[in-house]
Structures are given as C-alpha cells and as structure tokens.
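This report refers to the structure that appears directly beneath it.
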C-alpha cells in the first residue's frame, strides 16, 4: 500500500523521479530533520507528507506551519501555547509545536520565516523544550522537522536574513525536487494520473488522449510545474463533452495558434463566430454603411447584407 501511494502520487519514470522516489524511501526510515527544496508547484508538501506516511511514525501527528503567516495570522501563543491565570483557575492552551510532539512538524516556506522568530524556533528544535507564555517551567517535546523552501538554501544568506544555526539544524538531510521542464518524460504519466483522478471525481468515463492535446502538453514548459498541470487536466475533464477531451479547453498559452487545436466538428461554429465578430467591429467602425464595409472587407455589398441579416446584427 505504501509503495502504491508513492508510485501514484509521484507518477513518472524519468531518472530524476526514480532517484527522488528512492531518496524518499530512504529518508523516511531516518529521524533526521529534512529540508525539501523545489520550485512552486513541484510537490514539496506531497513529499513531506509521503516521508511522514512511509515512516514508523505514520500514525503520529503531522502538523503544518505556514511560515509566512507566523507573526501575522499565527501568533506566538498559537505556536507555543499559553498558560492563562483567571482568578484561582488556570487554563492551558496547547500550541502548534506541542501538537507535533511525537510526530512530524512541517515548516512550509521556511525561507519566509520572519527573523524575530528564527532564534525561538532554533532554540525549541535544538533544546527540545518549549516555554509557554505564563509558564514557569518548560515542557519537553520531541518531533522530527521537515521544512520546504522554493529557493536554493545556499543563496539564503545573501538574499534575506536567515539564521545559519537554524539552517544547519533544519538541513541535516536535503531533498531537491527537479522542475517539471527538467523531466518532461514524466508529463504523460502525470497527465494520465490526474485524468483518472478527475474522471472519477466528475463521474465521467476516462477518454483517450487526442494527439493534439498530447503534443501541446509536451511542447509546454510548465513553469507552474505539477500544480499547473493538475489544474489544466481538471479544467479539460470538467469542461469537455462526455467521453472525450476537447482541445478547445486547453489554456490559450498551450496552443500554438488559437484555432490550431479546435476540434474538427467545431470548425463551422468557429467560422460563424469569427464572421460575427468581424461584422460587429465593421458595423461599429463604419456606422452601418454597407458599401464602405464591403469595400473594406473586399466582398460584395449583397454578401455583407446577407451575413448581417443571417446573424441578426441589424441595428
């Protein structure tokens, strides 16, 4: 079951993906902290989850902290918890870090963690202790930390202030996820995986993939990586007619020309829509003067009158 999950969610047989799968399996058996680096949409959160699910601690907590939100929507009390004295009673709030005790703490976009919180996180991770606001004694915690970042960690010290001790603590092990453009061989496998997923979700039979769609997805560089590809497939499945994939629902940036990927059966409708568009523009430009429109479009005036009547464009 574990192997099936790994193979499905990391579909592909490129050398890069084979190495990535092997690395995930090895890292999952260890307890060292892990730093995952990859561009937006490469699947860093998925890899973090898989490391947890394939580990001996799969049934223990997996707590995610969105680092850009720390100090904004996530307060220090949310992180550490709090001891609140109300008269003679004491209330204790459990924080996110304590919730991860015994399991995995996932620091998402760790490169965007504000400098004022970096030393606190480092102390907690290295000392394995949390001192809650309002408490007199720290509590002990023990969790594995998996972090993710979009940028190469080597450049952090130059680009933004980031604690070197914290970086060294987080990056005991590193996993680099290659961009989808660097492993184009995986695109058909990923496309098929998402096609099956969304056909089931929308209750549609799984269609064959037309050549023009396959050609378009293989020619594209996918700057948004797997996330962009998944959205593309979802859009195709949800909008295409039952039992087929229609290339007209591909994003415009995947098409070599707006008309090139039109289904053959859709050509008459496309021609009519184009004629209507041109006639509307011409009627507006020449204020309904059929003679001037005919000269401009290099057709007879009778043709212009016929098309205007046909499409119901009379003023």
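Brief remarks follow.
- Considering residues of segment 1-23 that are surrounded by fewer than 20 Cβ atoms within 10 Å (Cβ to Cβ) and closer than 22 Å to residue 107 by Cβ only, the residue modelled with the lowest pLDDT: 9
- Checklist (1) more than 25 Å from the chain's Cα centre (by Cα); (2) closer than 17 Å to residue 45 by Cβ applied to residue 98, failing item: (2)
- So residue 112, is it free of Cβ contacts under 8 Å to residues at least 60 places away in the same chain and under 25 Å from residue 43 (Cβ atoms): yes
- Checking each residue in segment 70-98 for being surrounded by fewer than 16 Cβ atoms within 10 Å (Cβ to Cβ) and either closer than 24 Å to residue 115 by Cα or in contact with a helix residue (DSSP H, G or I) (Cβ under 7 Å, 6 or more places away or on another chain) (or both) picks out 71, 72, 73, 75, 77, 93, 94.
- Scanning segment 112-148 for residues that are touching a helix residue (DSSP H, G or I) at 6+ places or on another chain (Cβ under 6 Å), over 14 Å from residue 169 (Cβ atoms) and not in a loop (DSSP other than H, G, I, E, B) gives 112, 130, 148.
The values are calculated or read from the model by the stated rules, or taken from the named source; none is laboratory data. Note that the coordinates shown come from a computational prediction; the quantities given were computed from them, not determined experimentally. Glycine gets a Cβ as well: all are built from the backbone with ideal geometry, and neighbour counts include every protein chain shown.
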